[in-house]
1. Provide the convex hull volume over Cα atoms per residue for region 92-176, in Å³.
2. Quote the relative contact order of the chain in percent (integer), defining contacts as alpha-carbon pairs under 8 Å separated by 6+ residues.
3. In deg cm²/dmol and to the nearest 500, what is the mean residue ellipticity at 222 nm of the chain if only DSSP H runs of at least 4 residues count, each as -39500 (n - 2.57), divided by the residue total?
4. Applying 1/(1 + (r/R0)^6) with R0 = 22 Å to the Cβ-Cβ distance of residue 107 and residue 127, what FRET efficiency is obtained, to the nearest 0.05?
5. With just the Cα atoms of the chain, tell me how far they stretch along each of the three principal axes, in Å, largest first.
6. Can you tell me which of 101-108, 18-25, 152-159 comes out highest on packing, and rank the rest after it, using the mean Cβ neighbours within 10 Å?
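No value in this document is a laboratory result; all are computed from the given coordinates. Keep in mind the model is a prediction, meaning the values are calculated, not measured. All Cβ positions, even for glycine, are placed from backbone atoms using ideal geometry, and neighbour counts span all protein chains on display.
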Amino acid sequence: MALNVVNLLATSRFAEYLDLDHFSIEADVDFDPDRFPGLTYKIASPKVCALIFRSGRIVITGAKTLEDIEIALEITHKALKTHGCAVWPSYDYSIGNVVVTHDLGRELNLATLTVSLPMARTEWEPEQFPGLIYRLKDATGVCLIFSSGKCVITGNNSLEDAQDAVNALITDLEDL
């Protein structure tokens, strides 16, 4: 079963320090450090957002594929360099979060799930949030389960972890 990835978040570091005031003027990008300490650099293709911080850290969010992350990092690195920022010639990145969705293909009674699933790993407060929060036993992911049967699984550190989380969720809900 193919994963439906809705967001990949990756972090990298391009330098010890980045002059965001200079970059915002040169690149004609809004930057208001009183509202948010990072500069929001929007990239049209792939449609992602790079958050650039003075510490040289970069956060890429909104990517759907690893290729999107790599392209976004290249675009951001080149833009910083082109506009006079001293950046390292090479960089690495790491995945910080993978968010996927999954449709179980059936409607669920969340009240029944609340008492059927392990209580220590289940939260359901319908007055606060319409979904059931379910923490998987042997996976890092957290599942938001909705009565429609649609699920959002977040908190994974890789695509493999996300697939394992989906499989664990399916197994946990099979007999209910």
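1. Working: hull volume 7.9 nm³, N = 85.
With only Cα atoms used, region 92-176 gives 93 Å³ per residue.
2. Numbers: 332 pairs, mean separation 39.1, N = 176.
Once normalised by length, the contact order is 22 percent.
3. Numbers: 4 runs with 48 residues, N = 176.
Computed ellipticity for the chain at 222 nm equals -8500 deg cm²/dmol.
4. Details: r = 21 Å, r/R0 = 0.94.
For residue 107 and residue 127, the calculated efficiency is 0.60.
5. For the chain, the Cα extents along the three principal axes come out at 59, 33, 26 Å.
6. Working: 101-108: 13.5, 18-25: 16.8, 152-159: 19.2.
Packing proxy ranking, top to bottom: 152-159, 18-25, 101-108.
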